[in-house]
Amino acid sequence: MSDISTRWYRPGTIPITELSELATMFAEVADDFVPPLTSRAGTTQSELREQSPGTPVSDRYLKEMLRQDLFMTWHKGRLAGFLSFRTDHHDSRYADLCPCLYVSTIAIRRRHRRHGIARSLYRELFDLPAHLPPWVVLRTWSTNHSHLELLRHLGFDGILRLQDDRAPGVDTVYLAAKRSASANPLPR
Ligand SMILES: CC(C)(COP(=O)(O)OP(=O)(O)OC[C@H]1O[C@@H](n2cnc3c(N)ncnc32)[C@H](O)[C@@H]1OP(=O)(O)O)[C@@H](O)C(=O)NCCC(=O)NCCS
C-alpha cells in the first residue's frame, strides 16, 4: 500500500493531535480483543477472564500504553495501526529470556487489515537498535487465529500456556522470538 509510514514514539512523546487519533482508533478496536481493552486495568493485567456485561469502560489501559514505547503506522494522515511495547520487561516465568522486549498491544484498523501492516510493525521491532534486548515476548488468546498465524510466520514459538485463562476453552499463550537470529532456537 502506498502513502504508508511508521514512526517510533518514545514514552510520553506523542503530540496531542496524534494522541487524539490514537484514542479514536483505540476505541474502534478495543472490542476486537479478548477481553476488550476497555475492560482491563492495564497492559500486563493477570486476571483476564471476561467481565460481566455492564462493566464500566476504562481508559486505564490506554493511559498505561502511553507510558510505553509505541510504533504508529500512518496512511494519508490517519492512523492505520499501532504496536506498543516495553523495552526492559522482566517476568520470572521466563526469566532466561529477560530483560526482553514485550509487545503489550498490536492492532490494525479493520479497513487496513491483510495489507501486511502488522507484519511490517513486527519488522520494525525486530530491527530496533542492537543494544535493546534480543528477545521479543508477547501473549495472545488461543482462539486469535489471525494473530497466531502471523506470529508463526515470523518465527515465534510458544513458551507458556495458561489453560482456560480468559474463558472456558480460551487459553492465554505466551510466545517468544529472538531478533536478528531466527535460526537460534529457544533456550530449553
Ligand atoms: C491480528 C492483526 C494485528 C493482524 O494485522 P494485519 O495487518 O491484518 O496482518 P498482516 O496483513 O500483516 O498479516 C500477515 C499474515 O498474518 C496472517 N493473517 C493475518 N490476518 C489473518 C486472518 N484474518 N486470517 C488468517 N491469517 C491471517 C496471514 O498469514 C497474513 O499473511 P497473508 O496476508 O500474506 O496471508 C489484526 O487482525 C488485528 O488488529 N486484530 C485485532 C487485534 C488483535 O487481535 N491484536 C493482537 C492481540 S494480542
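Calculated FRET efficiency, R78 and T143, Cβ-Cβ r, R0 35 Å, to nearest 0.05? Efficiency for this residue pair is about 0.75.
In plain terms, the chain from T13 to R110 could stretch by 32.3 nm, reckoned as 0.36 nm per residue minus the Cα-Cα distance.
Each peptide in 65-76, 6-17 gets a packing score, the mean of other Cβ atoms within 10 Å over its residues, and the list from highest to lowest is 65-76, 6-17.
Relative contact order of the chain, taken over Cα pairs closer than 8 Å and 6 or more residues apart, is 18 percent. Between S180 and R93, full extension at 0.36 nm per residue minus the direct alpha carbon distance yields a gain of 29.0 nm.
Assigning unit charges at the beta carbon (Lys, Arg +1; Asp, Glu -1) and nothing else, what dipole magnitude in debye, to the nearest 20, does the chain show about its Cα centre?
380
By the helix-only formula, in which each DSSP H run with n ≥ 4 contributes -39500 (n - 2.57) and the sum is divided by residues, the chain has a 222 nm mean residue ellipticity of -6000 deg cm²/dmol.
Estimated from the Cβ-Cβ distance and a Förster radius of 41 angstrom, the FRET efficiency linking E124 and Q163 is about 0.80. Each semi-axis of the equivalent ellipsoid for region 4-178 is √(5λ) with λ an eigenvalue of the Cα gyration tensor; in descending order they amount to 22, 21, 16 Å.
Each reported figure results from applying straightforward, stated rules to the coordinates on display, with no laboratory input. Since the structure is predicted, the reported quantities are computational estimates derived from the model, not experimental observations. Cβ: placed from backbone, ideal geometry, glycine included. Neighbour counts: every protein chain shown.
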